[in-house]
Amino acid sequence: MSVKDQIKDHLPEAATKGVEALTSELERQAAKAKEPWQGTIIQVFADATQKLGPTGVALTQALVEDLLDGKKADISRVTDDLTTASNLLAEMQKAEVRKKRLMRKFVKELAGILLHTLKAVVGLIL
């Protein structure tokens, strides 16, 4: 087996470990967040990334946008943790207009960073 083939054989494992490392870091950042809503949103992104990879980031961004717009959204698509889901709903319900703008900006920026990072990690597989 060539060196190239050997490396290719290990890329899926490396990508999986990369997603796990990113998820762990997100969980640490969620615990250290200044605002409870930031920690909750980061935790939802962590859960979604662990559960769905890059698809989870896009789904989470859309879900938070829908919740901020007062639309129904199936949170179980991105997290199986009931406490996290409950916290997210509570934060969305008590968000004021100014805070909603901050939340939207935060989610958009975080999703962009995560998608860029995950594309690099998952790109190892391809």
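Between LYS108, LYS71, LYS51, which gets the highest mean-square fluctuation from a Gaussian network model of the chain, Cα cutoff 10 Å? Highest fluctuation of the listed residues: LYS71.
By the count of neighbouring beta-carbon atoms within 10 Å, fewest first, PHE45, PHE106 end up ordered PHE106, PHE45. To the nearest ten degrees, helix 82-94 and the longest principal axis of the Cα atoms of the chain are 40 degrees apart.
To test your reading of the geometry: what angle, between 0 and 90 degrees and rounded to tens, separates the Cα axis of helix 97-123 from the longest principal axis of the chain? Once rounded, the angle reads 10 degrees. Within the listed set ASP69, ASP80, ASP47, the residue fluctuating most in the Gaussian network model of the chain (springs between alpha-carbon atoms under 10 angstrom) is ASP69.
Relative to the dominant Cα principal axis of the chain, helix 3-32 is inclined by about 20°.
Put a plus charge on the Cβ of each Lys and Arg, a minus charge on the Cβ of each Asp and Glu, and nothing anywhere else: the dipole of the range 3-123 about its Cα centre is then about 560 debye. As a calculated quantity, the FRET efficiency between ARG104 and THR16 at R0 = 30 Å, using C-beta atoms, amounts to about 0.45. Where does the charge balance sit around GLU25 when Lys and Arg score +1, Asp and Glu -1, over other residues with C-beta under 15 Å from its C-beta? Net local charge, GLU25 excluded: 0. Test of understanding: in a Gaussian network model of the chain with alpha carbons linked when under 10 Å, which of ILE75, ILE113, ILE41 would top the mean-square fluctuation ranking? Maximum among the listed residues: ILE113.
Every number here is computed from the coordinates shown, using simple stated rules; none is lab data. Predicted, not measured: the structure shown is a model, and the values here were computed from it. All Cβ positions, glycine included, derive from the backbone under ideal geometry; neighbour counts span all protein chains shown.
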